[in-house]
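Some notes on the structure that comes next.
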Amino acid sequence: MVKFYFIVFALLISCKIRYAELGIQRKDYETLPFRTDGYYYNFNSDNTGGKEFVNVFFYYKSGIELHWGNSSLVSFDVLEERFVDSLRLMRSYAPRMSWAVFEIKGDSMVLETWTETMLSKKGTFKMYYKIINDTTIYSIGLDDYHHFRAFSPKPDSTYSPIK
């Protein structure tokens, strides 16, 4: 029986992780219809009326987006201290599923990223947004707003798995 578990374990660790190709191709933008000198955020709660969590989105003129999800919000100052502390980590490693590529047409934006599906298959999915103004982006599928907050330094997008 131990031999069986060893074989299964050896097969699992020897499998190469294969990610699906993104359908949207990355492209550089000279200008964007929204600000990129900071981050966008939205709030959600833990469904018990207790803690409030914040999701953070960094957009780059290179057509790349980096997102961090569900940090408990004490204050924006504390959240931004976490960014600075995390920059060292982001320089060497950020999960592939934290990165996305986007495409803008008029006031619409489509964003595509990786996701893990059943049996650890690595698929992709798209999210759709409407750009309200240069500091507000509306997530159509999630029915919520992402608001801008100026911040520097942003994590470096050159470490993205998106080329």
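The values are calculated or read from the model by the stated rules, or taken from the named source; none is laboratory data. These numbers were taken from a predicted model, which means no experiment stands behind them. Don't worry about glycine lacking a Cβ; one is built from the backbone with ideal geometry, like all the others, and counts go over all protein chains shown.
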When (1) loosely packed, with under 12 Cβ neighbours inside 10 Å; (2) over 20 Å from Pro153 (Cα atoms); (3) at pLDDT 80 or above are applied to Glu112, the one that fails is (1)
The lone condition Phe57 fails out of (1) surrounded by 13 or more Cβ atoms within 10 Å (Cβ to Cβ); (2) part of a helix (DSSP H, G or I); (3) modelled with pLDDT of 80 or more is (2)
In this structure, is Ser14 surrounded by 16 or more Cβ atoms within 10 Å (Cβ to Cβ) and at pLDDT below 75? no
Gly49 - would you say it is at pLDDT below 90, under 29 Å from Phe76 (Cα atoms) and not in a strand (DSSP E or B)? yes
Part of a loop (DSSP other than H, G, I, E, B), at pLDDT 65 or above and under 25 Å from Ser98 (Cβ atoms): is that true of Tyr29 in this structure?
yes
Listed by first then second residue, the pairs whose first member lies in region 20-34 and is under 20 Å from Lys130 (Cα atoms), whose partner is part of a loop (DSSP other than H, G, I, E, B) and hydroxyl-bearing (Ser, Thr, Tyr), with beta carbons under 6 Å and at least 6 positions apart or on separate chains, are Asp28/Ser62
From the option list Met97, Met90, single residue qualifying as surrounded by 14 or more Cβ atoms within 10 Å (Cβ to Cβ), touching a helix residue (DSSP H, G or I) at 6+ places or on another chain (Cβ under 8 Å), modelled with pLDDT under 80 and not basic (Lys, Arg) is Met90
Cβ pairs under 9 Å, 6+ apart or interchain, first in region 36-55 and among the small types (Gly, Ala, Ser), second modelled with pLDDT of 85 or more, ordered by first then second residue, are Gly38/Phe58; Gly38/Phe148; Gly38/Arg149; Gly38/Ala150; Gly38/Phe151; Gly38/Ser152
